[in-house]
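Comments concern the structure below.
Taken together, the values in this text are just the output of simple stated rules run on the coordinates, not laboratory data. Only a predicted model underlies this, so the values are computations on that prediction, with no experimental measurement involved. For neighbour counting, all protein chains shown are included, and Cβ atoms are generated from backbone atoms with ideal geometry for every residue, glycine included.
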Amino acid sequence: MNQSEIIESFVELKKIAVIGASSKPDKWGYKIFKKLSEKGYEVVPVHKSLKEIEGNKVYNSVLDIESNIDGAVFVVNPEIGIKIAEDIIKKNIKFVWLQPGAISDELLNIFEKNNVKVVHTACIYVYLNLYR
């Protein structure tokens, strides 16, 4: 699949985890969480040190989420992303969107070797504003 096909597949997903979700309105982790919610996605926030965002339970890890997750948006630096990649693979999440600033060659290689489709050429917030 090329990037356009992966993007189109990703935006058709229903339940998306936001890795690095934030409760601070000026942070991208919050903006992306809100935008996905506004667009009708079931959004599951993931952050190590938060308990709740606007009444939504925040999970420490994708592995703590009881139900299946269709995709994940990474709003964390690559070093953190690399540590979380194994959890994404264990949880059998097949689509990941790496926000600008979350991308590294090592992270892309990890996902590629494990057949996880990755968007790494666009910002989901901008994409949803323009096309959804």
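DSSP beta bridges in segment 3-127, what fraction antiparallel, as a percent rounded to 5? Intermediate values should be presented prior to the final figure.
Working: 2 of 19 bridges.
Taking every DSSP beta bridge with both residues in segment 3-127, the antiparallel ones total about 10 percent.
Once the other residues with Cβ under 14 Å from the Cβ of K51 are scored (Lys, Arg +1; Asp, Glu -1), what is the net sum? Each step should come with its number before you reach the end.
Values: positive: K48, K57; negative: E52, E54, D64.
Neighbour charge sum, excluding K51 itself: -1.
About the Cα centre, and with charges only on the beta carbon of Lys, Arg (+1) and Asp, Glu (-1), how big is the dipole of the chain? Nearest 20 debye, please. List each step's numbers first, then the result.
Working: 18 positive and 17 negative charges, 61 e Å.
In total the dipole reaches around 300 debye.
In Å, what Rg and Dmax follow from the Cα atoms of segment 1-68?
12.5, 37
Using mean Cβ contacts within 10 Å as the protection proxy, how do 28-37, 64-73 order, highest first? List each step's numbers first, then the result.
Working: 28-37: 21.5, 64-73: 17.4.
Ranking, from highest mean packing down: 28-37, 64-73.
Tell me whether the chain comes out rounded, prolate or oblate; compute the Cα gyration tensor, take square roots of the eigenvalues as a ≥ b ≥ c, and use a/c under 1.5 as the rounded threshold.
rounded
Apply the Karplus parameterisation 6.51 cos²θ - 1.76 cosθ + 1.60, with θ equal to phi minus 60°, to every residue of segment 68-84 and state each ³J(HN,Hα) to the nearest whole Hz, in sequence, with x for glycine and proline.
In residue order, the calculated couplings are 6, 10, 7, x, 9, 9, 9, 10, 9, 5, x, 4, 6, x, 4, 5, 8 Hz.
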